[in-house]
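Written out below as structure tokens is the structure these notes cover.
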Amino acid sequence: MFDLYELISNIRKRPAMYLGEPSISNLRTFLAGYCFARRQMGTPQTSQEKHFSQFQSWIQQKVNRTSNQTWDQIILSCSQDQQTALQTFFNLFDEFIQTENIDELKSNQTHNLKVASGTQE
């Protein structure tokens, strides 16, 4: 079984295989179906799924929008077409993942400083 980020990576490599027409709207629909199926099966959310649920607010901050548009609509409105928007999603997704990795590194460094200084609670 793939984890969410591995699935997104596979979609990036072969979008037509997963989405039919390579479009950001189809990607959002596919991911919504994936999440729905996991909930229906009673499968608990993974840490990646929990993290990805923050993508909506991250993208709104990134493009400075507070509208009620979904992340795919926001990206599409900044793109010339569905296929370009899909590629933009993958680039933004990479940036989103990097943000998570940087935050995790900072958290670990702070924890390590507390341990080294003896101030860990």
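Brief remarks follow.
- The stretch 8-20 - phi-based ³J(HN,Hα) in whole Hz, Karplus 6.51/-1.76/1.60, Gly and Pro as x: 4, 4, 5, 4, 4, 6, 9, x, 5, 5, 8, 10, x
- For the stretch 55-100, the fraction of 1.4 Å probe accessible surface lying on carbon and sulfur atoms is 42 percent.
- Here the translational diffusion coefficient of the stretch 1-58 follows from Stokes-Einstein with Rh set to the Kirkwood radius across Cα pairs; for 20 °C and 1.002 mPa s it amounts to 177 µm²/s.
- Net length gained if the chain between residue 90 and residue 34 were fully extended (0.36 nm per residue, minus Cα distance): 18.4 nm
- Its Cα gyration tensor gives the stretch 63-103 an equivalent ellipsoid, and the semi-axes of that ellipsoid, as √(5λ) in whole Å with the largest first, are 20, 14, 6.
The values are calculated or read from the model by the stated rules, or taken from the named source; none is laboratory data. Every value quoted in this text rests on a predicted model; they were computed, and no experiment measured them. Only protein heavy atoms, including side chains, enter the accessible area calculation; ligands, DNA and RNA are left aside. Shrake-Rupley method; radii C 1.70, N 1.55, O 1.52, S 1.80 Å.
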